[in-house]
1. Within the set of pairs 6 or more residues apart or between chains, which connect a residue that is open to solvent by 20 Å² or more (accessible area, probe 1.4 Å) and among the aliphatic types (A, V, I, L, M) inside the stretch 198-224 to a residue that is part of a helix (DSSP H, G or I) and within 16 Å of the ligand (Cβ to nearest atom) with Cβ atoms less than 9 Å apart?
2. Inspect the stretch 66-76 for any residue being more than 22 Å from the chain's Cα centre (by Cα) and at pLDDT 95 or above and give the result as yes or no.
3. Would you point out the residue of the stretch 96-146, among those that are touching a helix residue (DSSP H, G or I) at 6+ places or on another chain (Cβ under 7 Å) and of a type in the set (S, T, N, Q), that is farthest from H159 (Cα to Cα)?
4. May I ask you to verify whether F59 is modelled with pLDDT of 95 or more and in contact with a Lys or Arg (Cβ under 6 Å, 6 or more places away or on another chain)?
5. Could you please find all residues in the stretch 153-168 being hydrophobic (A, V, I, L, M, F, W, C) and away from the ligand (no atom under 16 Å from the Cβ)?
6. Does D114 satisfy the condition of being assigned to a helix (DSSP H, G or I) and not β-branched (V, I, T)?
7. Could you look through the stretch 70-104, keep only residues that are of a type in the set (K, R) and within 16 Å of the ligand (Cβ to nearest atom), and pick out the one that is nearest to G119 (Cα to Cα)?
8. Please work out which one of (1) in the same structural domain as A213 (by TED's automatic domain parsing); (2) assigned to a loop (DSSP other than H, G, I, E, B) is the condition P104 fails and give its number.
Amino acid sequence: MTRIASPPAVDHDRIARIVAEVLRERLDRPAQRGPRSPLVVNISVRHMHITPQHLEILFGAGATLTPLRPLYQEGQFAAEQTVDLVGPKRRMLQNVRILGPTRPQSQIELAFSDAILLGIDVPVRMSGNVDGTPGCIVMGPKGHIVLDRGVIRAQRHVHLSTADAEYFGVRTGDALDLVVEHPTCGVTFGGVIARVDPRFKLEVHLDSDEGNACDLPGATGVRLVRAGGPRAG
Ligand SMILES: [Zn+2]
């Protein structure tokens, strides 16, 4: 006859202690720190931001922007309306899209190769900082304007929510590095300037030259790291 060992008595107190310990450990552990939203890298193709007044000159009295498709950042959109830009040597860039909503200041953002095509020397600036920048002629279906300034190459930048900024340890104006992994043409972009706003979603904006240089659509990975630091995001 086989003797079946009786199971050891269940020590309920011990189990309760272990469960309590595990729970306490979990609760005490700091919440997983990470960006609130996944890192998105998008290319800003040449575009114009426009004042309501300029919009009416170019598209007629009472004209408003018609949204064509929403952009990643909340409330921003590509408009149906486009303009033609004319440079000093009568060179033209046609069908430059307007991004909405309208702004208090008109501004045109070009890639370096766009500026060469237009024949003007365009500085790299953060959006909105247009003092001392060149202008151009902007043509719409109903009229034209002569911008005396406002044409820039947009400084590569990253939009961060407050939580994202906390995660990366940066404030508006700080620089991050963007690492683009690619089997044949990986690149690290320095000088990716942080722009922090509670409404922002984590998104890097490169211009089309930068996006083409690293074949962004073929990238196998993108990481944001603090400038000069190894911390990955
Ligand atoms: Zn942007």
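The values are calculated or read from the model by the stated rules, or taken from the named source; none is laboratory data. The model shown is predicted, which means the values in this text are computed figures rather than measured ones. Cβ sites come from the backbone with ideal geometry, for glycine too, and all protein chains shown count toward neighbours. Heavy atoms of the whole protein, side chains included, go into the accessibility calculation; ligands, DNA and RNA do not. Shrake-Rupley method; radii C 1.70, N 1.55, O 1.52, S 1.80 Å.
1. L216/E210; V222/L216
2. yes
3. S113
4. It is true that F59 is modelled with pLDDT of 95 or more and in contact with a Lys or Arg (Cβ under 6 Å, 6 or more places away or on another chain).
5. A163, F168
6. The answer is yes for D114.
7. R97
8. Only one criterion is unmet by P104, namely (1).
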